[in-house]
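Enquirer: What follows is a single structure, and I will ask about it in a moment.
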Amino acid sequence: MKPRDHSRLLKELTKEYARRFPESNRLHQRAKQSLIDGGSHSLRLIDPFPPRIREARGPRITDEDGHSILDFWQGHHANILGHNPAVITEVLRDAFAAGQSLQTGFVEQLHSETAEILCRQTGMQRVRFTTSGSLATMYAILMARAYTGRDRVMKVGGGWHGAQPWGLVGIEYHNGKNHFQFSDTDGLPVAIEQEVVVTRFNDTQMLADHFRRYGSELACFILEPFIGASGGIPADREYLQTARNLSEKHGTILIFDEVIAGFRFHAGILGQLYGVQPDLVTLAKLIGGGMPLAAVAGRQEILELASHSGHVRFSGGTYSGHPACLLASKTMLSYLSENQKSVYPYIGDLAARIRETVEKAFANVGIYARCTGTGGGTLPGSSISTVVFPYDPEHLCKGPEETLNPHVCDVQLANRILQLALLLEDVHVMHGLGSICTAHSEADIGVVEEAYGRAAQRIKASL
Ligand SMILES: Cc1ncc(COP(=O)(O)O)c(C=O)c1O
């Protein structure tokens, strides 16, 4: 299918947006004088400029123009309890008042207390903390390469593991034959580009073929059991089981990147719900309780490569295991473990109703839209979703080869047009929707109905 042309609508939306957010626009022009593109994270730098935030509370953010915006991005999926939840901020406030330190350069008891919860809840033997999901996946891959003595790293096309060397291959969809077998950055050593083998998400046959061809050279297979940035799609159970079996057979380390999924579906990792334990798992986002904390957890004999007697430099990091981050993390992990019976069904049910409302808003104007996030035959209520617009409603869209292919799905409509159209309705989404948190409520369904309804009508009128 030839991609739809939305240039006229985009121009119209951009103009109206600039009119409605003048202060954000002004601040953005100023920001560009000192910051590249006016910020430090490209996804946040919405074109033509992002709303500049003054305050964030629960389900909403307030921008510098005074709009109160219902937020479904929720800190890149980090805020499962909403923005600035008292559960975390009050603990931090009290701790600082009682002498809790910022950086100490020592090891606090908080370190092992947080690690104990993580190991208990994930079923992993050991954990080491770092500061970002990107570093966690990089260290996990380093350990896998050292442990196996092999070079090749297999990943899924469209899988985002952060901006680290092996993660920078096979991210973006390229038209042509091998859609994802490319480096997506300049400056990457050629050897790394050549080491990365890209396979298809949820394609068991291709996985078997790749293991047959590269199995003896593969240090690791890293994948998200719930692929986030490129579709919000859960892996099929059979796919993960095959990945586990083939990794074992070929002596390859299986790494689940659960930077998004960890503690999102229950107080543990997604692998447990599938009955498939990886050798290593990477965690970040919501395990930090809104603070920069990440972790690699897994089999003791692999993590011991990072020990004094091992030879993997999963080490350093001035702010690794930062005391305030550990306190936020321990508080969040304890809260989720103790309240999982109420937290997860609540956000799962609310998300199901929001998905239904979004799909209906588009169906009402004759546009087929599908909210992702469910399926896989395993997941309990999923609180994460993107919106895809397959040209053919029969198309299943089981992975990034479809969700990111502009000839299969209307990618521009999902990622760009809808975001701007909804900001004009005081709703903020990423990739069409985002994640539902405990601070969202029944009342937000009505907001969604109206906002998506108006956005859908505007889009329909332009087609
Ligand atoms: C699955 C996955 N892995 C890794 C990362 C990188 O994490 P960070 O942004 O904390 O470096 C992300 C970030 O969005 C992610 O979604």
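Enquirer: Hey, can you tell me all the residues within region 182-205 that are surrounded by 15 or more Cβ atoms within 10 Å (Cβ to Cβ) and without any contact (Cβ under 8 Å) to a residue 60 or more places away in the chain?
Expert: 182, 183, 184, 188, 192, 193, 195, 196, 197, 198, 199, 204
Enquirer: So is residue 116 over 22 Å from the mean Cα position of the chain (by Cα) and either surrounded by 13 or more Cβ atoms within 10 Å (Cβ to Cβ) or basic (Lys, Arg) (or both) or not?
Expert: Yes: the conditions hold for residue 116.
Enquirer: Consider residue 212 carefully, then state whether it is over 19 Å from residue 401 (Cβ atoms), away from the ligand (no atom under 16 Å from the Cβ) and among the charged types (D, E, K, R).
Expert: Answer is yes for this residue.
Enquirer: Just for region 50-83: of the residues that are buried (at least 19 other Cβ atoms within 10 Å of the Cβ) and of a type in the set (Asp, Glu), which one is farthest from residue 428 (Cα to Cα)?
Expert: Filtering first and then ranking leaves 63.
Enquirer: I need the full set of residues from region 291-321 which are crowded, with 24+ Cβ neighbours inside 10 Å and either acidic (Asp, Glu) or within 16 Å of the ligand (Cβ to nearest atom) (or both), in order please.
Expert: Across region 291-321, the qualifying residues are 293, 294, 295, 296, 297, 298.
Enquirer: Just to confirm my filter: which helices (runs of 4 or more DSSP H) fall fully inside region 331-443 and include at least 1 residues that are surrounded by fewer than 20 Cβ atoms within 10 Å (Cβ to Cβ) and in contact (Cβ under 8 Å) with a residue 40 or more places away in the chain?
Expert: Where helices (runs of 4 or more DSSP H) fall fully within region 331-443 and carry at least 1 residues being surrounded by fewer than 20 Cβ atoms within 10 Å (Cβ to Cβ) and in contact (Cβ under 8 Å) with a residue 40 or more places away in the chain, they are 340-363, 418-423.
Enquirer: Say whether the condition of being under 16 Å from residue 436 (Cβ atoms), in contact (Cβ under 8 Å) with a residue 60 or more places away in the chain and in contact with a Pro (Cβ under 7 Å, 6 or more places away or on another chain) is met by at least one residue in region 76-94.
Expert: Yes: region 76-94 contains one or more residues that are under 16 Å from residue 436 (Cβ atoms), in contact (Cβ under 8 Å) with a residue 60 or more places away in the chain and in contact with a Pro (Cβ under 7 Å, 6 or more places away or on another chain).
Enquirer: Report whether or not residue 279 is more than 14 Å from the ligand (Cβ to nearest atom) and charged (D, E, K, R).
Expert: When the stated conditions are applied, residue 279 passes them.
Enquirer: Moving on. All but one of (1) closer than 29 Å to residue 167 by Cα; (2) of a type in the set (Val, Ile, Thr); (3) away from the ligand (no atom under 15 Å from the Cβ); (4) not in a helix (DSSP H, G or I) hold for residue 153; state the number of the condition that does not hold.
Expert: (3)
Since every read-out is calculated from the coordinates, none of them should be taken as a lab result. Values in this document were obtained by computation on a predicted structure and should not be read as measured data. Cβ atoms come from the backbone with ideal geometry, glycine included; neighbour counts cover every protein chain shown.
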